[in-house]
1. What number of residues within region 178-195 satisfy the criterion of being touching a Gly at 6+ places or on another chain (Cβ under 9 Å) and surrounded by fewer than 21 Cβ atoms within 10 Å (Cβ to Cβ)?
2. Look at GLY51 and say whether it is crowded, with 19+ Cβ neighbours inside 10 Å and either of a type in the set (Val, Ile, Thr) or at pLDDT below 95 (or both).
3. For region 97-133, how many residues meet the condition of being farther than 16 Å from ALA185 by Cα and touching a helix residue (DSSP H, G or I) at 6+ places or on another chain (Cβ under 6 Å)?
4. What are the residue pairs meeting all of these: first residue in region 60-80, first residue of a type in the set (Asp, Glu), second residue surrounded by fewer than 20 Cβ atoms within 10 Å (Cβ to Cβ), Cβ atoms under 7 Å, and 6 or more apart or on different chains?
5. Could you check region 80-92 and list, in sequence order, the residues that are open to solvent by less than 10 Å² (accessible area, probe 1.4 Å) and closer than 14 Å to ASP214 by Cβ?
6. Could you please let me know if ALA75 is surrounded by 20 or more Cβ atoms within 10 Å (Cβ to Cβ) and of a type in the set (Gly, Ala, Ser)?
7. Tally up the residues in region 109-148 that are in a strand (DSSP E or B), of a type outside the set (A, V, I, L, M) and open to solvent by 10 Å² or more (accessible area, probe 1.4 Å), please.
8. Would you check if there is a residue in region 207-225 being within 18 Å of LEU105 (Cβ to Cβ), within 13 Å of the chain's Cα centre (by Cα) and open to solvent by 40 Å² or more (accessible area, probe 1.4 Å)?
Amino acid sequence: MVFGRGRKAKQEQLTDPGETREAVADASADDSAASGSAGATSAVPGRGASGPFDVSEIKDQDGYVDLGALLIAPAEGLQLRLEVEEATQRVVAVTMDLNGSSLQLQAFAAPRSEGLWDEIREQIGQSVGSQGGQIEEIQGGFGTELLAKLPAGGADGSHGYRVARFIGVDGPRWFLRGVFGGEAAVDRDAAAGLESLFRQIVVVRGENPMPPRDLLQLRLPKDNAVPAPQSAPDLERPERGPEITQIG
């Protein structure tokens, strides 16, 4: 596993609008079948059993890459990139790159009594709409997801869309949001590896009082060690990722 800068994976995929609609239709059909067999709804049932997990739900933290608020399970071929905010130099997100696709992760403080995902989906839709894009709700393995399509031009002057798929999971006093880019945004098979890693994520909320929506603190690992047999990471911090992934 590589940890650090490297070449930034494309979080935006240029597609023909017709191709995108077809891919979404196929994904929605697959998810509807899965939802019927598993009883999936907008609130993901059994999160405690299927992940992502709260730190209180695991036996120990050995074997994870410790990024502060997030514990990441190493995997063959996985690259991790920390994204920083230029003004404050604080780490604001971690991106998982695997097999040409990406998954950007951010964890937030949430109220004790209710989740954030319903409200955040609405705000993402408003943001995408203000940029001339389109948003569609689809059902997936994590409940209600969003497929965002924004107008984009190719290097050859062609017109299409850049696509991102948003997922969100409400946990105990935290909310974890993921944004798929590349083929994983429109192809469920391509997303399978990253979805599996997403389910293994452990969120460390901490006990300090925090306003809802505050980012949980991410950081570089305390040392350069990564659990064997994975290789040690290069600890460099890249620039911040696309603004489309912000939720305010």
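The values are calculated or read from the model by the stated rules, or taken from the named source; none is laboratory data. What you are looking at is a predicted structure, and each value in this text was computed from that prediction instead of being measured. Cβ sites come from the backbone with ideal geometry, for glycine too, and all protein chains shown count toward neighbours. Note: areas computed on protein heavy atoms with side chains; ligands, DNA, RNA excluded. Shrake-Rupley method; radii C 1.70, N 1.55, O 1.52, S 1.80 Å.
1. 5
2. On the way: crowded, with 19+ Cβ neighbours inside 10 Å: yes; either of a type in the set (Val, Ile, Thr) or at pLDDT below 95 (or both): yes.
Spelling it out, GLY51 is indeed crowded, with 19+ Cβ neighbours inside 10 Å and either of a type in the set (Val, Ile, Thr) or at pLDDT below 95 (or both).
3. So the answer is 0.
4. ASP66/PRO221; ASP66/LYS222
5. VAL92 - this is the single residue of region 80-92 that is open to solvent by less than 10 Å² (accessible area, probe 1.4 Å) and closer than 14 Å to ASP214 by Cβ.
6. Details: surrounded by 20 or more Cβ atoms within 10 Å (Cβ to Cβ): no; of a type in the set (Gly, Ala, Ser): yes.
Judged against the criteria, ALA75 is not a match.
7. 4
8. No, region 207-225 contains no residue that is within 18 Å of LEU105 (Cβ to Cβ), within 13 Å of the chain's Cα centre (by Cα) and open to solvent by 40 Å² or more (accessible area, probe 1.4 Å).
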